Amino acid sequence: MSKLTYEDKINIYQERKQGNTINNISKKYGVRKDLIKYLIRLIDKHGYDILRTNKNRNFTSYEKERIINRVLINNEAACSVAIDEGLLSNGILFNWIKEYKENCYNIVERKRGCPTMDKKIKTINKEETNEEKIKRLETENLYLKAELEYSKKLRAVVQARKNQQQKKK
């Protein structure tokens with residue numbers, strides 16, 4: 001239902017109440033029939049206010065667990081629970097239940113926003129003297145030389161093993 005605008009959803013509801021068939025509405029707007037049925041039931045229950053135009057509604061982990069328990073423990077139908085709670089799609093509830101089972105029956109909140117980068121803060125003083133700078137660069141140079149030597153020796157060992165295997169054949 002995400003590709004439908006607020007006006008489309010209202011038009012779908014009004015067309016259905018005027019007697020237009022779900023098949024015709026489905027073809028006109030290019031959405032599945034079950035989404036139209038769900039939308040109509042949702043608006044019947046909560047009114048047009050449920051079709052908000054601004055921001056998505058956030059549910060706390062307590063609310064999510066309460067809603068999931070209505071389905072899993074109380075054996076209520078997922079579709080009717082989704083409509084009672086005012087979810088814009090019953091797929092949301094099915095995703096919550098799937099994640100709940102995958103996480104060993106624990107609610108895990110999804111982190112919002114961009115993931116943070118590993119903060120590797122290099123502590124290079126701007127007030128570093130020339131002597132300190134030379135010493136630091138010499139240390140880095142020594143480290144890089146050792147790394148290069150190690151890499152060369154490793155390549156030589158690998159090449160020697162390949163040569164031995166070829167001789168055995």
Check: For Asn11, are the conditions met, namely being of a type outside the set (Gly, Ala, Ser) and surrounded by fewer than 11 Cβ atoms within 10 Å (Cβ to Cβ)?
Finding: no
Checklist line | Of all residues in the stretch 100-138 being assigned to a helix (DSSP H, G or I) and open to solvent by less than 90 Å² (accessible area, probe 1.4 Å), the one that is modelled with the highest pLDDT | finding: Leu137
Margin query: Between a residue in the stretch 72-88 that is surrounded by fewer than 15 Cβ atoms within 10 Å (Cβ to Cβ) and any residue that is assigned to a loop (DSSP other than H, G, I, E, B), which pairs come within a Cβ distance under 8 Å, given they are 6 or more apart or on different chains?
Written below: Gly86/Arg57
Next item on the list: Could you grab me the full set of residues in the stretch 74-99 that are of a type in the set (Asp, Glu) and part of a helix (DSSP H, G or I)?
Entry: Asp84, Glu85, Glu99
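Filter the stretch 17-38 down to the residues that are of a type in the set (Phe, Trp, Tyr) and open to solvent by 30 Å² or more (accessible area, probe 1.4 Å) and list them by number. Before the answer, list the steps.
Initial filter on the stretch 17-38 (of a type in the set (Phe, Trp, Tyr)): 29, 38.
Selection gives Tyr29 alone.
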Next item on the list: Taking the options Arg66, Arg32, Arg57, name whichever one is among the basic types (Lys, Arg) and in contact (Cβ under 8 Å) with a residue 24 or more places away in the chain.
Entry: Arg57
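The values are calculated or read from the model by the stated rules, or taken from the named source; none is laboratory data. Because the structure is a prediction, the values reported are computed rather than measured. Cβ atoms come from the backbone with ideal geometry, glycine included; neighbour counts cover every protein chain shown. Protein only, heavy atoms only, side chains kept; ligands, DNA and RNA dropped before computing areas. Shrake-Rupley method; radii C 1.70, N 1.55, O 1.52, S 1.80 Å.
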